[in-house]
Amino acid sequence: MSFRLTVPGDDWLAAPPPLAALDRGPTPAQVGNVRIGTASWTDRSLLASRAFYPPAANTPERRLRYYARHFSLVEVDATYYALPSAASARAWATRTPADFAFGVKAHAALTQHPLEPARLDRDLLRALPRDLRRKRGVYARDLPEAVLDELWRRFHAALEPLRGAGKLAYLLFQMPRWFTPSRASEEYLERVPARLPGAPIAVEFREARWMAEARRERTLDFLHRGGFVYVSVDEPQGTRASVPPVAAVTSEALAVVRFHGRNAAAWDKPGVGTTERFGYAYGEPWLREWVPRLPHLAARARRVHVLMNNCSRHYAVENAKDLAALLAGASGAR
């Protein structure tokens, strides 16, 4: 698919962006069956940095179209905080090339995180008991069963335009640190595919014991048998919440890797905001650690999706391009 947006007096698509890293590596950032993108294209600090989007990319549509020139993959983060709408999903599908792929983060209530009642659809908010409506955070276990069932249904229905366009690559189930290894946790995950048919479920653990050496094989076998995609991670090590950087494939169709930065001081610190926790720019030596791991995944899965989640200022887009350049250089790609 080709497109051209016309801004009077400013051929903004042809204008080079201020970030020099965008001149490095393949465009879009893809080497063989490995796609590299970022965990958001609308991060506020990225927009404020003015380091990626040219001035004429001043609407949501123009920003997504511009992003899709450089990357063929993105992860939608906003769906964690509020239910998506079919209109938004339709717009994402129509504003991107035919082979563009979206990962979509599951809503907080679906992954046992607390949700914000004020962000619910109005009718769902009214259906809550009065005391829950006033709370800043409410867990799924405290919701009326009918409301929780409707959250699952609406989340699934809203993404139909992406599924229909063949652009829904996976749903990210990022489980909280209190989602501990147990049979009850496994049973919870086993019920997910029936609730969200038609989309691969990618599972990321934030509780280190899931991937501790003594349990790692059992965890990966469970995910494989259930048809889940294991999400490999690069994140700070040495904290209680540190999941080791195991590059593993549990689905022949897809492997997912997410880079969270290596800000160890903030990773397990209570009350830290996302900008501080993920505010980390990878140097080349740290990215190079994954150059042999990614071909390992690519040989075992038909597609490998790599997401930079260090979404602070321009770090994610820059490191995505850096990693693509390193991978292309190692493979001899042009």
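The values are calculated or read from the model by the stated rules, or taken from the named source; none is laboratory data. Since the model is a prediction, treat every value here as computed from it, not as a measurement. Here the Cβ positions follow ideal geometry from the backbone for every residue, glycine too, while neighbour counts run over all protein chains shown. SASA here: full protein model, heavy atoms, side chains in, ligands and nucleic acids out. Shrake-Rupley method; radii C 1.70, N 1.55, O 1.52, S 1.80 Å.
General observations
- Estimated from the Cβ-Cβ distance and a Förster radius of 22 angstrom, the FRET efficiency linking ALA194 and ALA253 is about 0.75.
- All other residues whose Cβ lies under 9 angstrom from that of ARG258 are scored, Lys and Arg at +1 and Asp and Glu at -1, for a net of -4.
- Net charge, GLN174 excluded, C-beta distance under 9 Å - Lys, Arg +1, Asp, Glu -1: +2
- Relative frequency of Cα-Cα separations exceeding 23 Å in the stretch 37-180, percent: 42
- Here's the picture: charge each Lys and Arg Cβ at +1 and each Asp and Glu Cβ at -1 in the chain, and of LEU120, TYR170, ALA157 the one pushed furthest to the positive end of that dipole is LEU120.
- Gyration tensor (alpha-carbon) shape descriptor, the stretch 98-218, a/c threshold 1.5: oblate
- Just the protein heavy atoms count here, and of the accessible area of the stretch 57-115 at 1.4 Å, carbon and sulfur take up 49 percent.
- The residue among GLY238, LEU223, ALA212 whose Cα reaches farthest toward the positive pole of the charge dipole of the stretch 187-334, with charges on the beta-carbon of Lys, Arg, Asp and Glu, is LEU223.
- The alpha carbon gyration tensor of the stretch 101-156 gives principal lengths a ≥ b ≥ c with a/c of 1.5 or higher and a/b greater than b/c, which makes the shape prolate.
- Taking every alpha-carbon pair in the stretch 182-334 and binning the separations at 5 Å intervals from zero gives 2, 9, 17, 19, 19, 16, 12, 5, 1, 0 percent.
- Segment ARG163-ARG141, length gained on full extension (0.36 nm per residue, minus Cα span): 5.0 nm
- Applying 0.36 nm per residue to the separation of ARG133 and VAL272 and subtracting their alpha-carbon distance, the gain on full extension is 47.5 nm.
- Isotropically averaged projected area of the chain, using the convex hull of Cα atoms (one quarter of hull area), nm²: 17.2
- Highest-first packing order for the peptide set 134-142, 294-302, 323-331, 167-175 is 167-175, 323-331, 294-302, 134-142, based on the mean count of other beta carbon atoms within 10 Å.
- Accessible surface of the stretch 274-320 [probe 1.4 Å, protein heavy atoms]: carbon and sulfur percent: 51
- Dipole magnitude (debye, nearest 20) for the stretch 32-164, charges at Cβ of Lys, Arg, Asp, Glu: 420
- Surface exposure of the chain, expressed per residue as accessible area with a 1.4 Å probe, stands at 45 Å².
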